[in-house]
Amino acid sequence: MGEDDGMHIVVLAGGIGGGRFLAGVRAFARQTGAEVTAVVNVGDDVTLHGLRICPDLDSVMYTLGGGADPERGWGRRDETWTVREELAAYQAEPSWFGLGDRDIATHLIRTTMLNAGYPLSAVTAALCVRWQPGVRLLPATDDRMETHVVVEQDAGREGGPAGAGERAIHFQEWWVRHHARLPARRFVFVGAESAKPAEGVLDALAGADVVLLAPSNPVVSIAPILAVPGLREALTAGRAPVVGVSPIIGSAPVRGMADKCLATIGVECSARGVAAMYGARSAGGLLDGWLVDTADAGVHVDGLPVRAVPLWMTDEAATAAMTRAALELAGVLR
Ligand code: GDP
Ligand code: CA
């Protein structure tokens, strides 16, 4: 931390949990003059009806920009659904993904800019001119990288016999269409091998005073960010301490279906299980600190400083207090 400039906080984040957490980080940063960069998951991204959709980037952008629907948590407030009705009248598939009219404007601009050759990072910056999220939003990668879910061959197919084979479906089909109910064998981050960190990501990590892992889904939000070659290395080799915030309280994923994802990769759905998945830096992993809820006080992970504070992101003040606790644990607050 320089003497003249404020602290630089980098946050790795998924969509809804990531957006809520970032609202608290931003509130904290405004009090202290810190600068915030969010590196956001793109594994959920999908092309539907010719439109490029980035659910996590949009959830974060709308949440921080005041445009998110507060009940759904995703998509726009005051949304209307005329286009969806018209697509249904054509029996256009897929019909299971909710594309609202207001939301579609975002996807039209994004798709047009991507087709014109702009990288996703530049497109995101352009969209943020309108939303003014108060945080720099970067996709983890500008390259195409999508999470697919390997399921049994005939799972979810009507009338199909149980087969021994398997097939991969897009994460959105598994999550939104099947509500994560199809037994999953594994997750594959398609395109990860040849992906590079997006423009600005490595510079942000190099300039970070602290890196926080948002309480996002560890398996399908944080892991795909870390799967971009060079990104994990930049964290482990960097000088900035890395502190994670548990997305699990007790044995429950607070909202969402992280338990299904953790079960698939054989990780216990607990604050301890997720910490062990990320690993302590002292044991070759990622973390210098792990923040758990007071319900999980007493959780012990070898070689990892753990602190218990309330982790319910009920409002911005509560989430800003989580941020302060994470930075204290990181040792970057005086
Ligand atoms: P998504 O990409 O929209 O699914 O959202 P994220 O991956 O960013 O976050 C989803 C995860 O946030 C869920 O799986 C929960 O485990 C976690 N979560 C949601 N609300 C809270 C909360 O209030 N406190 C904590 N600690 N975790 C939460
Ligand atoms: Ca997501």
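A simple rule links phi to the HN-Hα coupling: the Karplus curve 6.51 cos²θ - 1.76 cosθ + 1.60 with θ = phi - 60°, which for the range 94-111 gives x, 9, 8, 9, x, 10, x, 4, 5, 4, 4, 4, 4, 5, 5, 5, 4, 5 Hz, with x for Gly and Pro.
Over the residues of the chain, the helix contribution to mean residue ellipticity at 222 nm works out to -9500 deg cm²/dmol, using -39500 (n - 2.57) for each DSSP H run of at least 4. Rounded to the nearest Hz, the phi-derived 3J(HN,Hα) couplings of the range 167-184 under the Karplus curve 6.51 cos²θ - 1.76 cosθ + 1.60 (θ = phi - 60°) are 9, 10, 10, 4, 3, 4, 5, 5, 7, 8, 6, 9, 6, 6, 8, 5, x, 9, where x marks glycine and proline. Under a 5 Å amide H cut-off, with hydrogens placed 1.01 Å from N, VAL11 pairs with THR37, ALA38, VAL39, LEU212 among residues at least 5 apart or on other chains. Label the range 33-129 by shape, choosing from rounded, prolate and oblate, from the square roots a ≥ b ≥ c of the eigenvalues of the Cα gyration tensor; if a/c is under 1.5 it is rounded, and otherwise prolate applies when a/b is larger than b/c, oblate when it is not. Note, shape of the range 33-129 comes out oblate. Within the range 208-334, antiparallel bridges make up roughly 25 percent of the DSSP beta bridges whose residues both belong there.
Arranged from fewest to most other beta-carbon atoms within 10 Å of their beta carbon, MET145, MET277 become MET277, MET145. Sorted ascending by nearby beta carbons within 10 Å, beginning with the fewest, PHE171, PHE97 become PHE97, PHE171. Each part gets one Cα centre, and for the range 205-280 versus the range 47-94 those centres are 27 Å apart. Along the range 41-51 the Karplus relation, 6.51 cos²θ - 1.76 cosθ + 1.60 evaluated at θ = phi - 60°, assigns HN-Hα couplings of 4, 10, x, 7, 5, 8, 9, 10, 6, x, 9 Hz to successive residues, with x for each Gly and Pro.
DSSP beta bridges confined to the chain are antiparallel in about 45 percent of cases.
Sequence-distant contacts, meaning Cα pairs under 8 Å at least 6 residues apart, place the relative contact order of the range 262-323 at 23 percent.
Quick note: the coordinates plus some simple rules give every number you see, no bench work behind them. The structure presented is a predicted model; accordingly, all values stated were derived computationally and were not measured. Here the Cβ is made from the backbone with ideal geometry for all residues, glycine too, and neighbour counts use every protein chain on show.
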